[in-house]
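Data block below; observations after.
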Amino acid sequence: MEMTSYKPGTPSWVDIGLPDMDAAIAFYGGLFGWDIEPGPPEAGGYAMCLLRGRPVAGIGPQMNPEIPPYWASYVTVADVAATVAAATAAGGSVLVPTMEVMSAGVMAIVADPTGGIISLWQPIDHIGAHIVNEPGTFCWNELMTDDVAAATAFYTGLFGWEAAVHDNGGEHYTEFLLDGRSTAGMMAKPAGVPAEMPSMWTVYFTVEDCDAAVAKVQELGGAPIMPAMDIPQGRFAPVADPFGAVFNVMALAEGMGT
């Protein structure tokens with residue numbers, strides 16, 4: 001699906017900072033078929049990942065080696081500064097204050113009251129991903145948290161999302177909707193997940209074949225986290241890249257993502 005704009009409150013971009021750009025380009029280019037060229041010095045080496053010549057994700061050098069690499073989810077907002085103020089008033093904290101990114105847009109990074117990190121994006125020249133919900137692009141953003149109630153209050157207030165809770169055989173899953181459209185998801189931290197693991201947003205990337213993608217991840221130096229599983233929306237598996245950053249690969253069921 002090709003995109004020309006995003007309504008405020010919609011996840012619109014994903015990126016990651018990694019310690020070895022050459023290895024990152026080899027892994028993600030090989031996995032998703034992205035064309036990736038190292039970014040210019042004025043952009044700190046940040047590289048656009050292109051599919052059919054259009055940006056679908058970003059990869060840059062790791063800025064803070066104290067923080068393990070992770071795929072960041074960006075939500076488009078009308079005014080980053082105002083959203084940061086609203087986030088702090090709602091109990092969140094500012095990790096990266098409002099800043100201009102050349103002529104691309106304005107960004108900030110905040111943490112919700114449960115510790116989940118979310119990035120904010122106010123577009124100027126860069127709307128976000130030009131293609132979504134197709135193989136090689138992101139299709140879903142999901143929060144795993146240890147306090148569903150607190151996270152629900154924070155995100156519904158901040159982005160105007162509506163929370164619809166689904167009971168999946170005793171396991172509850174929250175679907176966030178914006179103007180009636182499914183826009184993101186949330187789940188409680190599953191039993192067995194180490195207590196020290198923080199609340200975190202994860203990204204799902206669409207692939208043609210989930211099992212083939214998991215095999216490709218391993219071939220390229222990554223690792224599976226759990227076996228692939230089927231859900232009504234398709235077949236997915238959580239995996240890690242060679243640097244330990246976790247993401248999901250998902251083959252969408254017919255009719256999904258359109």
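The values are calculated or read from the model by the stated rules, or taken from the named source; none is laboratory data. Note that this is a predicted model, so its numbers are computed, not measured. Don't worry about glycine lacking a Cβ; one is built from the backbone with ideal geometry, like all the others, and counts go over all protein chains shown.
So here's what we get for this one:
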| read-out | value |
| --- | --- |
| Answer residue from region 135-167, given it is more than 15 Å from the chain's Cα centre (by Cα) and among the charged types (D, E, K, R) and is farthest from residue 80 (Cα to Cα) among those | 167 |
| Strands (runs of 3 or more DSSP E) wholly inside region 135-205 containing at least 2 residues that are of a type in the set (D, E, K, R) | 162-168, 171-178 |
| All positions within region 97-122 that are within 17 Å of the chain's Cα centre (by Cα) and outside any loop (DSSP other than H, G, I, E, B) | 107, 108, 109, 110, 111, 117, 118, 119, 120, 121, 122 |
| Top-ranked residue of region 145-159 - restricted to ones that are aliphatic (A, V, I, L, M) and closer than 16 Å to residue 187 by Cβ, ranked as surrounded by the most Cβ atoms within 10 Å (Cβ to Cβ) | 151 |
| Test for residue 46: is it out of contact with any Gly (no Cβ under 6 Å at 6 or more places or on another chain) and aromatic (Phe, Trp, Tyr) | no |
| Selection count where residues are crowded, with 19+ Cβ neighbours inside 10 Å and not in a strand (DSSP E or B), scope region 15-45 | 8 |
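Yes or no, residue by residue, for (1) surrounded by 17 or more Cβ atoms within 10 Å (Cβ to Cβ); (2) out of contact with any helix residue (DSSP H, G or I) (no Cβ under 9 Å at 6 or more places or on another chain); (3) within 22 Å of residue 248 (Cα to Cα); (4) assigned by TED's automatic domain parsing to the domain that holds residue 232:
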| site | (1), (2), (3), (4) |
| --- | --- |
| 85 | no, yes, no, no |
| 96 | no, yes, no, no |
| 106 | yes, no, no, no |
| 143 | yes, no, yes, yes |
| 184 | yes, no, yes, yes |
| 199 | yes, no, yes, yes |
